[in-house]
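The structure under discussion appears below in the form of structure tokens.
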Amino acid sequence: MLSRFRSQPLLTYVSVAATALGLSSCEMLEFSPNDHRSPDDKQALTQKNLTTLLAKPLPANDTLRFVYTGDSQRFYDDAEALVKSVNQQKGVQFMLVAGDISDFGLAREMWWVDDQLRKLTIPYLTVIGNHDQVGNGRKAYGEVFGPLNYSFVYGDTKFIMTDTNGREYNFNGRIPDMPWVRQQLQDNTVRRHVIISHVPPQDEDFDPAVRDAYVTALRADPRLVFEMNGHRHDFSIGQPFNDGVTYVNSYAFEKRQYLIVTMWGDKEFRLKKVPF
Amino acid sequence: MAPQFLLAAALACSPTAPDTAARPATPDSLITRSTGLEPLDKKPWYRPRHIVLQTGGGIGMVAAGVGYSLGKDKNELDILLGYVPTKYAGSSLSIVTAKYTYSPFVLPLGERWQIRPLTVGGYLSYTHGTVNDEEKGQYAKGYYWFSTDTRVGPVLGSRLAYRRRTPAGQPRNVAFYYELSSNDLYILSYVQNRKALSVGDILTLSLGLKADF
């Protein structure tokens, strides 16, 4: 239908104006806020950023260093400031955003966050949050970023990214996907494991029916350095289940602070808070 | 544009046939024609004046409906039913929209054409069929402060009309319009992030046809 409209002078004018405003007429012809059709450079961002990251592999035994943050939702001005600050950090290899990329689960919001984060000099990776699942957000996240559960190995560390937003599934007993999580944790080819998700297991938005299974699986993993979350918008570190497993929570973008995580040895790590 | 134009025109024409047959041209209407004034349409108040077909604007890949003209045809209220297939939104969506517009200026463009350079207004829409719709008891009250289904937003656009008449001389214009619009959530995002977001980021475009009948 659009191609037929294109010959109209008025349409030419409108599409020129739209392009000048920064969007092509195709993206502007939004069918619904839940419409997740995205321009080429806003699709499969997880895969694209992983490709960028893995193009610069970290040699074995080298120190790993990454920026840890979360909850970028509707904090675009803060995102701009965060990018400027992170770009001044030396020796960081990538950035992790612990979910709630969007506030309303809309693809456009995910584009807006990427508009800022693609200015980083390092690649960034995300895990899905509860706000990213509002309405048809789960589909939008899948389109703009990628799988809701995925893992990657960088240097000596396997990063396991999983969906723990049980409330968004009406606590159906299947979130997080424990067979998948166990399979990932059983990978003994990598020296260290780090598991990252949005809702922490001690939170009331985590499915209570899956909590024990999750916490038990983590406790049983000898390679696990720590578990990391977002959702609470503020930094914390502790062992809420008193079982030797450390849980780290990220600052939200609005808190104008982020963490630099440094890891070496079997399970050695250091956290540095950086205000911006 | 032609097939859509024809479809709209065909739909617009068919209901007028019995109307004109039942009420043939009267001497009164002949007089008004000779003086160049528009003859009065004597239709019940509840009968819609035009049909609408639209794409985009956040209210459907295709949205169709009817509309009313008020206050010398400068105000219009359209009721639309929109559809978005699963492929584009993750689930099949039905969207009901009420849109009110005001077009203060009507400029003739030769004999057959007419331009309304400015249309301003707003809409209220309700979406049915989202994947993760709030189920009873899913969230505590106020967990998400915004509605996932109800949107409101402003529209701003222009319209180009082709002036047609029935055999009895009554106007039956067919108009093409475009509108730029936004919604409450996009506007809120922009207002709170004036540095990182631009107005262009929050705009959507709609293209539509309106045919009197």
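Tabulated data for the structure shown
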| read-out | value |
| --- | --- |
| Matching residues in region B:180-202 - criterion: being more than 8 Å from chain A (Cβ to nearest Cβ) and touching a residue at least 40 places away in the same chain (Cβ under 8 Å) | B:Ser181 |
| Matching option when the condition is of a type in the set (Gly, Ala, Ser), surrounded by fewer than 16 Cβ atoms within 10 Å (Cβ to Cβ) and out of contact with any strand residue (DSSP E or B) (no Cβ under 9 Å at 6 or more places or on another chain), among A:Gly166, A:Gly173 | A:Gly173 |
| Among residues of region B:57-93, those that are assigned to a strand (DSSP E or B), more than 24 Å from B:Pro44 (Cβ to Cβ) and open to solvent by 50 Å² or more (accessible area, probe 1.4 Å), counted | 2 |
| Answer residue from region B:142-179, given it is free of Cβ contacts under 8 Å to residues at least 24 places away in the same chain and open to solvent by less than 30 Å² (accessible area, probe 1.4 Å) and is nearest to B:Arg49 (Cα to Cα) among those | B:Asp149 |
| Hits in region A:86-102 - residues which are among the small types (Gly, Ala, Ser) and crowded, with 16+ Cβ neighbours inside 10 Å | A:Ala98, A:Gly99, A:Ser102 |
| Selection status of A:Asp35, open to solvent by 60 Å² or more (accessible area, probe 1.4 Å) and modelled with pLDDT of 75 or more | no |
| First in region A:25-44 and more than 7 Å from every other protein chain (Cβ to nearest Cβ), second anywhere and outside any helix (DSSP H, G or I) and not hydroxyl-bearing (Ser, Thr, Tyr), Cβ under 7 Å, 6 or more apart | A:Glu27/A:Pro39; A:Ala44/A:Gly146 |
| Among the residues listed as A:Ile260, A:Ile237, the single one being touching a residue at least 12 places away in the same chain (Cβ under 8 Å), assigned to a strand (DSSP E or B), open to solvent by 30 Å² or more (accessible area, probe 1.4 Å) and out of contact with any Cys (no Cβ under 9 Å at 6 or more places or on another chain) | A:Ile237 |
| Region A:216-234: number of residues that are open to solvent by 10 Å² or more (accessible area, probe 1.4 Å) and either out of contact with any helix residue (DSSP H, G or I) (no Cβ under 7 Å at 6 or more places or on another chain) or among the polar types (S, T, N, Q) (or both) | 8 |
| When residues of region B:128-156 are limited to those that are under 16 Å from B:Ala89 (Cβ atoms), at the interface with chain A (Cβ under 10 Å from one of its Cβ atoms) and not in a loop (DSSP other than H, G, I, E, B), the one modelled with the lowest pLDDT | B:Asn132 |
| Failed criterion for B:Pro117 (all others in (1) within 14 Å of chain A (Cβ to nearest Cβ); (2) in a loop (DSSP other than H, G, I, E, B) hold) | (2) |
| Filtered residues of region B:203-213 (kept if touching a residue at least 60 places away in the same chain (Cβ under 8 Å) and within 7 Å of another protein chain (Cβ to nearest Cβ)) | B:Thr204, B:Leu205, B:Leu207 |
| Those residues of region A:54-97 which are within 14 Å of another protein chain (Cβ to nearest Cβ) and among the acidic types (Asp, Glu), in sequence order | A:Asp77, A:Asp78, A:Glu80 |
| Which numbered condition A:Ala252 fails, given (1) aliphatic (A, V, I, L, M); (2) surrounded by 18 or more Cβ atoms within 10 Å (Cβ to Cβ); (3) more than 27 Å from B:Glu134 (Cα to Cα) | (3) |
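The values are calculated or read from the model by the stated rules, or taken from the named source; none is laboratory data. Note that the structure is predicted; figures quoted are calculated from it, not measured. A quick note on method: Cβ atoms are made from the backbone with ideal geometry, for glycine too, and the neighbour counts reach across all protein chains shown. The protein model used for the area step is the full one, side chains on, heavy atoms only, and it has no ligands, DNA or RNA in it. Shrake-Rupley method; radii C 1.70, N 1.55, O 1.52, S 1.80 Å.
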